[in-house]
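These notes concern the structure reproduced below.
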Amino acid sequence: MKARVHVMLKNGVLDPQGEAVRHALGGLGFDGVEGVRQGKVIELDLAEGTTEATVTEMCEKLLANTVIESYSIEMGA
């Protein structure tokens, strides 16, 4: 069983990496990019029967800094 966790900085939190990517894209001639938010994806290989509630607990305790980051979970086979 797999889970995929998407972690992003919350709106209003400064994203210096995203801003660096936006600036670099402008330097490469991609002038239409007005903003970039950079996040991370965490893929977990889980034992069969692991619940989304358990993955949520993992996110709350370790995988995301919930003060400044939000997350979403995709559960799959």
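The values are calculated or read from the model by the stated rules, or taken from the named source; none is laboratory data. Quick caveat: nothing in here was measured; it's all calculated off a predicted structure. For neighbour counting, all protein chains shown are included, and Cβ atoms are generated from backbone atoms with ideal geometry for every residue, glycine included. What goes into the accessible areas is simple: the full protein's heavy atoms, side chains included, and nothing from ligands, DNA or RNA. Shrake-Rupley method; radii C 1.70, N 1.55, O 1.52, S 1.80 Å.
Please find, among Asp45, Asp31, the residue that is over 16 Å from the mean Cα position of the chain (by Cα), open to solvent by 60 Å² or more (accessible area, probe 1.4 Å) and either of a type in the set (Ser, Thr, Tyr) or at pLDDT 95 or above (or both). It would help to see each step written out before you state the result.
Working: Asp31 fails: either of a type in the set (Ser, Thr, Tyr) or at pLDDT 95 or above (or both).
Testing whether each residue is over 16 Å from the mean Cα position of the chain (by Cα), open to solvent by 60 Å² or more (accessible area, probe 1.4 Å) and either of a type in the set (Ser, Thr, Tyr) or at pLDDT 95 or above (or both) leaves just Asp45.
In the stretch 55-77, what residues are hydrophobic (A, V, I, L, M, F, W, C), open to solvent by 50 Å² or more (accessible area, probe 1.4 Å) and in contact with a helix residue (DSSP H, G or I) (Cβ under 9 Å, 6 or more places away or on another chain)?
Met75
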| query | Would a scan of the stretch 31-42 turn up a residue that is under 14 Å from Gly76 (Cβ atoms), in a loop (DSSP other than H, G, I, E, B) and in contact (Cβ under 8 Å) with a residue 24 or more places away in the chain? | reply | no
| task | Determine which member of the set Arg4, Arg22 is surrounded by 12 or more Cβ atoms within 10 Å (Cβ to Cβ), assigned to a strand (DSSP E or B) and of a type in the set (D, E, K, R). | result | Arg4
| When both residues are 6+ apart or on different chains and their Cβ atoms are under 7 Å apart, which pairs have a first residue that lies in the stretch 48-69 and is farther than 13 Å from Met1 by Cα, and a second that is of a type in the set (Lys, Arg) and open to solvent by 50 Å² or more (accessible area, probe 1.4 Å)? | Ile68/Lys10; Glu69/Lys10
| query | So which residues in the stretch 4-23 are within 13 Å of the chain's Cα centre (by Cα) and of a type outside the set (S, T, N, Q)? | reply | Arg4, Val5, His6, Val7, Met8, Leu9, Lys10, Asp15, Gly18
| Out of the stretch 8-19, which residues are open to solvent by 50 Å² or more (accessible area, probe 1.4 Å), at negative phi and either hydroxyl-bearing (Ser, Thr, Tyr) or not in a helix (DSSP H, G or I) (or both)? | Met8, Lys10, Asn11, Leu14
